[in-house]
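The values are calculated or read from the model by the stated rules, or taken from the named source; none is laboratory data. Just so it is clear, the structure is predicted and the values come from calculations on it, not from any experiment. Don't worry about glycine lacking a Cβ; one is built from the backbone with ideal geometry, like all the others, and counts go over all protein chains shown.
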């Protein structure tokens, strides 16, 4: 079983409207609701790849109820086993995110609520649940921002918990939670270009990726959008690129990188194969019109076309 | 008791953000949820004026649950008796509206969901409830747009129902539902300038208001924003203006006009006093920083300062 942790889950709402014009009134033509937050997105991709997946984190209020109701819904994949819901209830209401998509261009305007405050008792309840779940986990992913009320070193604590239980742990966050978390020596971190630059002070990907690894992570896979990924690992340094830049909706591509890396890790694939899967999944996600879903046909086809090149040792 | 009907209720969500920039991501600093839809807003103002009020219409889904939970909340007014909830449950989920307020300027960008489809059985259940409620009503207001699934002549039917029960009926809607509704001879319609122009083809308020009255309404009160109201009634034609243009948030000012007219109607006040109250309430609503609430102090002070002038007969 693969466990994903989403402390700041969200009910993701997508509105379609011809064009967003500030300070005017818009009639929304289409409303889509989905369970959101990075860890839930990762879990859906893992489930679509056929992996047994459990999600934890927090859900509360009416928005949390809707999120949990939507979690089992299948994305039209035969024999899809949805992620198992091990979310911890909280008193506050799960935040909403609103994405307003311009119908003509596909450009998206995003509005993110801050999320509910998590109480110390709720955090303690989560820690107990996390420890139980680790006992049955082959790997764990810690994903996304921290909600209000949770201390900035929380991910560092969760990394140490996973390592203590002997469970490989991937951390996908940014800012100070990433800085603290990386020092607790996770097996893998997956920053994007901005998170990497903020962590290391360098916009030069190869240099920054190697620097991030020296800060404590056993491996660093930087997701560089249309340029694919760059990985600094104990076995070497690789770059993996899609065969051509994909045009489409990049929402969820980073989460697909995490799902690709994590599934390949538990299948004990060598690094080049892990990176190939991550880039093929991310590219197939961009190619799918629905945010956060991947085009299964494109994924299969891309697996043989992603280019992985080893980089010279430092 | 005053009855208000809101067929397309909404959960009104207000987001505050420094500035809305299309195609970027915004962290929302403040989230406010309120029961919405014109008839609910009218009912809250009526209740704040001390009138016993009942609300009906439709509510469904988790958003409908939140709306009903928020309905009894008092706006900090002593001895406030909230509107009584006589909403009819439906299978579909009550729509949301999202208002994004720019923190610096107060400019608002509005996103309105279309609303759930109402089934024929749900419409029949509403009609039965409406008939029961009319038996105890001193006046009824029919407010806002029609949700999908309800025929365009619905308001005309509801106007005839009220007239059959001997209950004075006010209609506040636009477009074809107003055109059909007005032909069923309501006691009062309250179009704004745009609705009036669309109905009559004229942008000249006095001419258009008189024309609207000839189409079947016993009285027409056109709300003209900062210019106050213009009323064509069986007793004469009046214009009522605030003492000075009010600067603030005009959201809900039209609903306050309806509440002022309706409360003064059941109190059997003469037309000039009805119009004074309507304009004072609307102006006090613009002056209140919270959308849809009115500044009680300003209201009391404005009552003696609204200017009502009789217009020459045609």
> What are the pairs, 6+ residues apart or on separate chains, where a residue within the range B:101-119 that is more than 7 Å from chain A (Cβ to nearest Cβ) and on the phi > 0 side of the Ramachandran plot has its Cβ under 6 Å from a residue that is at pLDDT 90 or above and part of a strand (DSSP E or B)?
Replying inline: B:115/B:95
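For the range A:281-301, name all the residues that are out of contact with any strand residue (DSSP E or B) (no Cβ under 9 Å at 6 or more places or on another chain) and assigned to a helix (DSSP H, G or I). Before the answer, list the steps.
Initially, the range A:281-301 is screened for residues out of contact with any strand residue (DSSP E or B) (no Cβ under 9 Å at 6 or more places or on another chain), giving A:281, A:283-289, A:293-301.
Scanning the range A:281-301 gives A:281, A:283, A:284, A:285, A:286, A:287, A:296, A:297, A:298, A:299, A:300, A:301.
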> So residue B:71 clears everything in (1) at pLDDT 95 or above; (2) in contact with a strand residue (DSSP E or B) (Cβ under 7 Å, 6 or more places away or on another chain); (3) under 23 Å from residue B:167 (Cβ atoms) except one condition, right? Which one?
Replying inline: (1)
> If you check residue B:95 against the conditions, is it within 24 Å of residue A:25 (Cα to Cα), within 14 Å of another protein chain (Cβ to nearest Cβ) and in contact (Cβ under 8 Å) with a residue 40 or more places away in the chain?
Replying inline: yes
>> Can you list the strands (runs of 3 or more DSSP E) lying wholly within the range A:5-56 that have 3 or more residues being without any contact (Cβ under 8 Å) to a residue 60 or more places away in the chain, more than 9 Å from chain B (Cβ to nearest Cβ) and touching a helix residue (DSSP H, G or I) at 6+ places or on another chain (Cβ under 9 Å)?
In response: none
> Is it the case that residue B:159 is surrounded by 22 or more Cβ atoms within 10 Å (Cβ to Cβ) and either modelled with pLDDT of 95 or more or within 14 Å of another protein chain (Cβ to nearest Cβ) (or both)?
Replying inline: yes
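Tell me, yes or no, whether the range A:72-85 has at least one residue that is part of a strand (DSSP E or B) and closer than 19 Å to residue A:145 by Cβ. Before you say what the answer is, go through the steps one by one.
In the first step, residues of the range A:72-85 are kept if they are part of a strand (DSSP E or B); the result is A:84-85.
Adding the requirement that they be closer than 19 Å to residue A:145 by Cβ leaves none.
The answer is no, given that none of the residues of the range A:72-85 is part of a strand (DSSP E or B) and closer than 19 Å to residue A:145 by Cβ.
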> Out of all the residues in the range A:261-272, which are within 13 Å of residue A:170 (Cβ to Cβ) and without any contact (Cβ under 8 Å) to a residue 60 or more places away in the chain?
Replying inline: A:264
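Going by the conditions given, is residue A:245 free of Cβ contacts under 8 Å to residues at least 60 places away in the same chain and surrounded by fewer than 23 Cβ atoms within 10 Å (Cβ to Cβ)?
On the way: free of Cβ contacts under 8 Å to residues at least 60 places away in the same chain: yes; surrounded by fewer than 23 Cβ atoms within 10 Å (Cβ to Cβ): yes.
Against the criterion (free of Cβ contacts under 8 Å to residues at least 60 places away in the same chain and surrounded by fewer than 23 Cβ atoms within 10 Å (Cβ to Cβ)), residue A:245 qualifies.
With respect to residue A:64, determine if the residue is at pLDDT 95 or above, touching a helix residue (DSSP H, G or I) at 6+ places or on another chain (Cβ under 9 Å), closer than 28 Å to residue B:30 by Cα and not in a strand (DSSP E or B). Even if it seems obvious, please write down each step before you answer.
On the way: at pLDDT 95 or above: yes; touching a helix residue (DSSP H, G or I) at 6+ places or on another chain (Cβ under 9 Å): no; closer than 28 Å to residue B:30 by Cα: yes; not in a strand (DSSP E or B): yes.
No; evaluated as a whole, the condition is false for this residue.
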>> Of everything in the range B:212-240, what is surrounded by fewer than 18 Cβ atoms within 10 Å (Cβ to Cβ), modelled with pLDDT of 95 or more and assigned to a helix (DSSP H, G or I)? Give them in sequence order.
In response: B:214
> Only one residue in A:37, A:64 is out of contact with any strand residue (DSSP E or B) (no Cβ under 6 Å at 6 or more places or on another chain), surrounded by 17 or more Cβ atoms within 10 Å (Cβ to Cβ) and farther than 23 Å from residue B:117 by Cβ, so which one is that?
Replying inline: A:64
>> Which of the numbered conditions does residue B:251 fail, given that it passes all the others? Conditions: (1) surrounded by fewer than 24 Cβ atoms within 10 Å (Cβ to Cβ); (2) part of a loop (DSSP other than H, G, I, E, B); (3) in contact with a helix residue (DSSP H, G or I) (Cβ under 7 Å, 6 or more places away or on another chain).
In response: (3)
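Could you list, in sequence order, the residues of the range A:124-133 that are surrounded by 19 or more Cβ atoms within 10 Å (Cβ to Cβ) and either within 14 Å of chain B (Cβ to nearest Cβ) or touching a helix residue (DSSP H, G or I) at 6+ places or on another chain (Cβ under 8 Å) (or both)?
Kept after step one, since they are surrounded by 19 or more Cβ atoms within 10 Å (Cβ to Cβ), are these residues of the range A:124-133: A:126, A:130, A:133.
Correct list: A:130 only.
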> Could you list, in sequence order, the residues of the range A:296-309 that are in contact with a helix residue (DSSP H, G or I) (Cβ under 8 Å, 6 or more places away or on another chain) and closer than 30 Å to residue A:214 by Cβ?
Replying inline: A:306, A:308
